[in-house]
Amino acid sequence: MIYTCAAHAERGLDDAIDKTGEPPIMEKKNNILSTKCCYCTDQSVYKIYGMAEGQV
Ligand SMILES: [Zn+2]
């Protein structure tokens, strides 16, 4: 599972594809969690994961 801010959404998608070899699923988070972006210290906005949850 990769969490990213808006600025790092594309990078998160690229990394997910690198790991799974498949187009990942990207969800805009509805609830406010305190999860940080994987690439910076901003609060994450998107959740990115593979077809099988937990694959990324
Ligand atoms: Zn970020």
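FYI, it's all coordinate maths here, none of it is from the lab. These numbers were taken from a predicted model, which means no experiment stands behind them. Reconstructed Cβ throughout: ideal geometry from the backbone, glycine too, with neighbour counts over all protein chains shown.
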(request) Among what's in segment 1-19 and is within 14 Å of MET51 (Cα to Cα) and touching a strand residue (DSSP E or B) at 6+ places or on another chain (Cβ under 9 Å), pick the residue that is nearest to the ligand (Cβ to nearest atom). (result) ILE2
(message) Could you tell me how many of the residues in segment 16-30 are touching a residue at least 24 places away in the same chain (Cβ under 8 Å) and assigned to a helix (DSSP H, G or I)?
(response) 3
